1. Which one, Thr88, Thr43, Thr101, has the greatest fluctuation when you compute a Gaussian network model over the chain with C-alpha springs under 10 angstrom?
2. Would you work out the relative contact order for the chain, in percent, from Cα pairs under 8 angstrom that are 6 or more residues apart?
3. Largest first, what is the accessible-area ranking of Trp42, Trp97, Trp85 with a 1.4 Å probe?
4. Under the Karplus relation 6.51 cos²θ - 1.76 cosθ + 1.60, θ = phi - 60°, what is the ordered set of whole-Hz ³J(HN,Hα) values for the range 74-91, x standing for Gly and Pro?
5. Using a 1.4 Å probe on the protein heavy atoms only, what accessible surface does Glu23 show? Give it in Å² to the nearest 10.
Amino acid sequence: MEEYHSSNESTFHSEEADSIVKECIESVVGNDDYSQSLVNKWTAGIVERCLTQLVKQGKPYKYIVTCAVMQKTGAGLHTANSCYWDTTMDGSSTVRWENRTMYCVVSVFAVAIA
């Protein structure tokens, strides 16, 4: 347990989370075009894969992952989040990914285990 408490190991790095999220989105959605019948499968797959990859890092965090997939139709999509927590340990990351036919927005919230 001691390795979890070193400053480098227990700090949330949003760049690492961004990279993990992008890889997960691309592995689940790939080059597929938007399909309403696949959205539930995609969002569940992205969330589960992100959680699995984040937990594999072995850092002392509880994670919350959200995912929204929207077809590109010219309509607007606005998202926001706010957190009240320990900013020295906890962190969040939001990734906006898109292809020719859709947008995908994934947010990761990491809360340090005390």
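1. Judging by the Gaussian network model, the answer is Thr88.
2. After rounding, I find 34 percent.
3. Reading off the accessible areas and sorting them downward yields Trp85, Trp97, Trp42.
4. After applying 6.51 cos²θ - 1.76 cosθ + 1.60, I find x, 6, x, 9, 10, 10, 8, 8, 9, 10, 10, 7, 7, 5, 7, 10, 7, x Hz.
5. That residue has around 120 Å² of solvent-accessible surface.
The values are calculated or read from the model by the stated rules, or taken from the named source; none is laboratory data. Here the structure is a predicted model, which means the values were calculated and not measured. Please note that ligands, DNA and RNA were not included when accessible areas were found on the heavy atoms of the full protein model with its side chains. Shrake-Rupley method; radii C 1.70, N 1.55, O 1.52, S 1.80 Å.
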